[in-house]
Amino acid sequence: MNASEIPDLNSLPALNEIWQQTTEWCPTEIQQFQLQSLYTAVITANKTLNLTRITEPEEFWEKHLWDSLRGVGDLIQNSTPLQVIDIGTGAGFPGLPLAIARTDWQLTLVDSTAKKIGFVESIASEIGLKNVRSLVSRIEELGQDRQHRHQSDLALIRAVASANVCAEYALPLVKLGGTAILYRGNWTEAETESLELAVAKLGGEIAKIDRFTTPISNSIRHCIWLRKAADTHPYYPRAVGIPNLKPL
Ligand code: SAM
């Protein structure tokens, strides 16, 4: 990035009308300040950590902030407090925007890369988020750990692996009756058929396919909601690397 391409770090748009119309949620002044601080921190850390290719303020607003919140649908304004796990959080998406929007939710942000979790920890403390804890771990190991298995009301996974692999990462962590949401871009009927077979093996079912477009660039998104209908067999998730190598 040369000097003329460095974005204005204080220029995250508010876009309150779009928030309100598309999510029925709107940031308070404090939340807007926290979202702005998150943007500034990601862009600053990006110079050394390679966190994201999305750096322009409006694009960051749409593809990281709005996308993170819209993915959980009406849970953002309707749900009771939830125990949430964000799998492969990277620079904190979707977990950090959700922690800002819902201070009554408890969020666990997990990534296998220590440097990314170091960033998440420092920004969460800088902007005063008391409802975030972060962990360096491979998700396959966490899924077999009694402290985490079957513990979350909601598991979120964005841009980590193919849908069937994401299902194997996410469903073991969810409580019976809980939900996993797979954030996807385009989505096909063939993917639904393949995912149905995979989630059946994991004690889940496809509850909803939420298709929507983003409000600025009109890009297609699909959030696939999986309901945990039965306990996941102890065989899943398989050992580190196997889900990706041999997807269900
Ligand atoms: N979820 C973020 C987002 O949407 O911006 C980050 C996506 S990034 C492309 C994928 C992240 O998943 C990386 O930070 C990577 O380290 C993490 N990841 C991939 N496989 C993982 C695994 N098995 N366990 C834990 N983290 C994993």
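The values are calculated or read from the model by the stated rules, or taken from the named source; none is laboratory data. If you're wondering where the values come from, they're calculated on a predicted model, not measured in any experiment. Ideal geometry is used to build each Cβ from the backbone, glycine not excepted, and the neighbour counts take in all protein chains shown. For accessibility, only protein heavy atoms count, side chains too; no ligands or nucleic acids. Shrake-Rupley method; radii C 1.70, N 1.55, O 1.52, S 1.80 Å.
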### Mean projected area in nm² (Cα convex hull; one quarter of hull surface) for the stretch 113-248
9.3
### Message
Suppose accessible area is computed on protein heavy atoms with a 1.4 Å probe; arrange Trp105, Trp187 from highest to lowest.
### Response
Trp187, Trp105
### Task
Lys and Arg at +1, Asp and Glu at -1: add these up for the other residues within a Cβ distance under 15 Å of His64 and post the number.
0
### Task
Could you state the angle between the C-alpha long axis of helix 114-126 and the longest principal axis of the C-alpha atoms of the chain, as a value from 0 to 90 degrees rounded to the nearest 10?
50
## Note on the structure
Between His233 and Glu58, the two model label points (7 Å from Cα along the beta-carbon direction) sit apart by a distance in nm of 5.1
### Task
Inverting the mean 1/r over all pairs of different Cα atoms, compute the Kirkwood radius of the stretch 59-171 and quote it in Å.
14.1
#### Entry: Base-10 log of normalised Debye intensity for the chain (one unit scatterer per alpha-carbon) at q = 0.10, 0.12 Å⁻¹
-0.45, -0.66
### Query
For Glu141 and Ala190 in the same chain, what is the full-extension length gain: residue separation times 0.36 nm, less their Cα-Cα distance, in nm?
14.7 nm
### Solvent-accessible area per residue for the chain (1.4 angstrom probe, square angstrom)
46
#### Entry: With all protein chains modelled, accessible area of His148 [1.4 Å, Å²]
20
### Query
Taking the Cα-to-Cβ direction at Ile242 and at Ala14 and moving 7 Å from each Cα, how far apart do the two end points lie in nm?
5.3
### Query
For the chain, what is the mean residue ellipticity at 222 nm derived from helices alone (per DSSP H run of n ≥ 4: -39500 (n - 2.57); sum divided by total residues; nearest 500 deg cm²/dmol)?
-10000 deg cm²/dmol
### Message
What do you get for the angle between helix 29-49 and the principal long axis of the chain? Use alpha-carbon atoms, 0 to 90 degrees, nearest ten.
### Response
80
### Query
When only C-alpha pairs under 8 Å and at least 6 residues apart count, what is the relative contact order of the chain, in percent?
15
### Summary
The aspartates and glutamates whose Cα lies under 18 Å from the Cα of Lys208, excluding any fewer than 8 residues away in the same chain, are Asp67, Asp74, Asp153, Glu168, Glu189, Glu191, Glu193, Glu196
### Task
Please find the FRET efficiency linking Glu126 to Lys208, where r is the Cβ-Cβ separation and R0 is fixed at 25 Å, and quote it to the nearest 0.05.
0.10
### Task
Would you list which lysines come within 19 Å of Lys115, measuring only between C-alpha atoms, while excluding same-chain residues fewer than 8 positions from it?
Lys47
### Task
Go ahead and set up a Gaussian network model of the chain, Cα springs under 10 Å, then flag whichever of Glu205, Glu168, Glu189 fluctuates most.
Glu189
### Message
Accessible area of the chain with a 1.4 Å probe: how many percent of it is carbon plus sulfur?
### Response
49
### Query
Does anyone have the angle between helix 189-201 and the longest principal axis of the chain? Alpha-carbon axes, 0 to 90°, nearest 10?
60
### Task
Would you mind telling me which residue in Ile87, Ile100, Ile127 has the biggest mean-square fluctuation in a Gaussian network model of the chain, where springs connect alpha carbons within a distance under 10 angstrom?
Ile127
### Query
Quick one: net charge of Lys116's neighbours, Cβ under 14 Å, K/R +1, D/E -1?
0
